Structure formats: structure tokens, C-alpha cells
Amino acid sequence: MRISLIILIALTLLTGALFALQPELDLAGSAFFHGGTGFAGDQPFLKALRAVLYYLPVGVMGAFALAWIGARLGLPIPPALRPSGRSVMFLTLGLALGPGLLVNAVLKDNWRRPRPVQVTQFGGPLEFRPWYRTDGGCVKNCSFVSGETSGAFWLVAPASLAPASLRLPAMAAALGVGLTTGALRVAFGGHFPSDAIFAGLFTLLLVALLRRILIRPDTQGLRDDDPHL
């Protein structure tokens with residue numbers, strides 16, 4: 001886990017440096033999905049896919065919470081599917097502090113970076129700003145960073161609680177959902193590539209830190225290992 005944290009920190013710093021030195025990469029990435037009539041994401045199938053992925057993290061969190069409550073009410077939930085209180089705390093804090101507090105409350109409402117659909121390069125009224133500029137024309141719910149992408153990458157947290165034999169496939173699937181969601185947000189013109197990449201890296205860093213603090217290394221976080229949780 002310590003190695004994972006070091007890698008994630010390095011990737012975050014590299015991403016910041018790359019898009020700061022070459023801000024045109026953001027414009028090029030968004031331009032790839034922009035045609036003469038608008039952004040490519042404005043299609044029924046992609047809208048439906050976005051809706052499914054949008055609610056997936058809430059559904060997964062709800063399933064863990066219901067399983068935990070059900071086990072305490074004496075419902076016949078298989079032992080392997082009974083999450084411990086510690087694991088539910090891990091998932092709840094990850095979702096609340098990552099997509100909730102950091103992304104939506106701290107960054108999106110204060111960074112002032114215009115979304116691609118708002119900048120002049122794609123027909124909007126506002127000037128483009130690289131990721132590190134906080135003096136843009138956006139007032140609220142701005143582009144930096146992507147809330148939906150953050151929520152999608154949070155799925156790595158429940159995937160990390162899967163049994164050892166299923167953990168790698170589960171985490172690969174969670175990363176796939178995160179990457180797909182990030183690509184969709186760029187395709188819809190809602191975020192620049194750096195917004196999606198930073199959202200994923202920030203969330204993965206938070207999940208890794210919380211897991212290191214809350215989940216014992218000799219457990220998977222499933223089954224009760226603390227009667228007070």
C-alpha cells in the first residue's frame with residue numbers, strides 16, 4: 001500500500017506538471033470530441049450509459065449499507081457477504097470525503113475553471129483557463145475537477161474489499177468504470193481531460209490513505225472484526 005501511495009503521488013505531480021507546461025493538451029483532448037454541431041457525447045446511448053454509471057457508486061454503497069444493517073437485524077446474509085462496520089466506515093468516508101467534500105464542496109465551487117462547453121474555443125462566452133488558474137469566469141459547479149469521475153473511481157474502494165481471488169478483476173472493473181466515466185465527461189464537453197485525470201488520482205489517493213488507516217492488512221474488510229463497529 002505504501003508503494004501504491006508513492007506511485008499515485010508521483011502520477012499526480014506528473015499530471016500537474018504536464019498540463020501546466022502544455023495546457024493546450026486539454027484543448028486538444030476536448031477538441032477530439034467536438035464536431036461542427038457540438039460535443040460527441042450528446043447521443044441517446046451515451047446519455048443512457050452516463051446515467052447508469054452516475055448511479056452505480058450510490059447503488060454499491062447502498063448494497064454494503066443494507067448488508068451491514070441486515071446482518072445486525074439477524075437476516076440470513078451469507079457470512080462472506082457481511083461487511084464489517086470498519087469496512088462500511090471506510091466506504092462511507094471515502095465517498096463523503098472524496099466526491100462529496102473535496103471535489104464538490106471545495107474544488108468545483110471555488111476553482112472557477114470554465115467547462116469546455118463554456119469556453120470560446122468551443123462556442124462559449126468564457127476564456128479558457130489551465131488547471132492551475134483560479135481566476136476563470138465560471139461562478140459555481142465549475143470544471144475542476146470532475147465529480148462523476150471521482151465517484152466512479154471511488155468504486156476501487158469496495159473492489160479492494162473483494163476476496164483475494166476476485167480482488168484484481170474487481171479492481172480492474174472499477175478502474176474501467178472510472179476511465180469510461182472520465183472519457184464520457186470529456187465527450188460531453190463537461191470537463192477537460194485534466195479534470196478527469198485529477199479527479200481519478202485524488203480519489204485513488206484518498207481511498208488508499210483511508211484503507212491504510214481503517215482496514216487491517218490481514219483482513220479484506222468483510223465480516224465483523226470489531227464488535228463495536
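Farthest toward the dipole's positive end in the chain, which of Leu66, Leu95, Phe39, given Cβ charges of +1 (Lys, Arg) and -1 (Asp, Glu) about the Cα centre? Comparing the listed Cα positions along the dipole, Leu66 ranks first.
For the Cα trace of region 2-214, dividing Rg by the Kirkwood Rh returns an Rg/Rh value of 1.01. Summary of packing: across the peptides 124-136, 44-56, the per-residue average of other C-beta atoms within 10 Å ranks them, highest first, as 124-136, 44-56. Where is the GNM fluctuation largest for the chain (alpha-carbon springs, 10 angstrom cutoff): Ile215, Ile197, Ile69? Of the options given, Ile69 has the highest mean-square fluctuation.
Computed from the coordinates by the stated procedures, all read-outs in this text should not be read as laboratory data. The model shown is predicted, which means the values in this text are computed figures rather than measured ones. With ideal geometry, Cβ positions are generated from the backbone for all residues, glycine too; neighbour counts draw on all protein chains shown.
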